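A short write-up of the structure that comes next.
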Amino acid sequence: GKTTLLHILGCLLKPTSGTYKSQGLSVENMNQYQLAGVRNRYIGFVFQAFNLLPRFTALENVELPMMYNGLPAHKRGERAEYVLDQVGLTERMHHRPSQLSGGEQQRVAIARALVNDPAIILADEPTGNLDSESGRAVINMLLDLNRAGKTLIIVTHERVIADRAAKIVNLLDGKRVT
């Protein structure tokens, strides 16, 4: 239920009933092309499995969402370098995912999620594949983005992460529980 909710919020799935508005737009009647546009403009995704393309460098992985926006190559490169610097990966931007630690890969995934300056960041178990130190660094980075004004929605089973949230919504069998 939690991941399904995240996919609905991220316009990857449509709700089976009811209405859903994202950024003031009713999304339930949009086609897949329109939903992709909403995702690319307004939503950044951070997944547990990182979902980096193994043949691409960190820089190329971060540039990818901007390609779909039609941004010229030189602007994509500049923006991707800037965002990778923000997540502390300037020295690692030309490395492929297999050459990066789990924490570095997750920071590349965060940079990719941020590169289009989305209003909303959706994170599905963002620390699930990380050691505790890397996990703390990733959560601190996400919470800093939230404090800077980004809407942040994290799905987690880890109580220590949930306890740091401004608001907690518990789900059980796909339904909200108190």
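Pairs meeting the criteria (first residue in the range 33-56 and more than 21 Å from Q105 (Cα to Cα), second residue of a type in the set (G, A, S), beta carbons under 7 Å, at least 6 apart or on different chains) are V38/S22; R39/G10; Y42/S22; Y42/A119. Condition check: of a type outside the set (A, V, I, L, M), open to solvent by less than 70 Å² (accessible area, probe 1.4 Å) and without any contact (Cβ under 8 Å) to a residue 60 or more places away in the chain. Does G135 satisfy that? Spelling it out, G135 is indeed of a type outside the set (A, V, I, L, M), open to solvent by less than 70 Å² (accessible area, probe 1.4 Å) and without any contact (Cβ under 8 Å) to a residue 60 or more places away in the chain.
In the range 144-158, which residues are under 13 Å from T127 (Cα atoms) and open to solvent by less than 60 Å² (accessible area, probe 1.4 Å)?
Let us first name the residues in the range 144-158 that are under 13 Å from T127 (Cα atoms), namely 154-158.
Matches in the range 144-158: I154, V155, T156.
Checked against (1) in contact with a strand residue (DSSP E or B) (Cβ under 9 Å, 6 or more places away or on another chain); (2) crowded, with 21+ Cβ neighbours inside 10 Å; (3) not β-branched (V, I, T), R107 meets all criteria but (1). Checking each residue in the range 84-100 for being of a type in the set (A, V, I, L, M) and outside any loop (DSSP other than H, G, I, E, B) picks out only L84. Cβ-Cβ distances below 6 Å connect the following pairs, each with a first residue in the range 63-79 that is touching a residue at least 24 places away in the same chain (Cβ under 8 Å), a second residue that is in a helix (DSSP H, G or I), and a separation of six or more residues or different chains: E63/R76; E63/A80; M66/R76; Y68/N40.
The number of residues in the range 114-123 that are open to solvent by less than 20 Å² (accessible area, probe 1.4 Å) and within 18 Å of L52 (Cα to Cα) comes to 4. Evaluation of N116 against the conditions (1) over 24 Å from G37 (Cβ atoms); (2) out of contact with any Ser or Thr (no Cβ under 8 Å at 6 or more places or on another chain); (3) not charged (D, E, K, R) shows that the sole unmet condition is (1).
The values are calculated or read from the model by the stated rules, or taken from the named source; none is laboratory data. Keep in mind that this is a model prediction, so the values were computed, not measured. Every residue, glycine among them, receives a Cβ derived from its backbone with ideal geometry; neighbour counts consider all protein chains shown. What goes into the accessible areas is simple: the full protein's heavy atoms, side chains included, and nothing from ligands, DNA or RNA. Shrake-Rupley method; radii C 1.70, N 1.55, O 1.52, S 1.80 Å.
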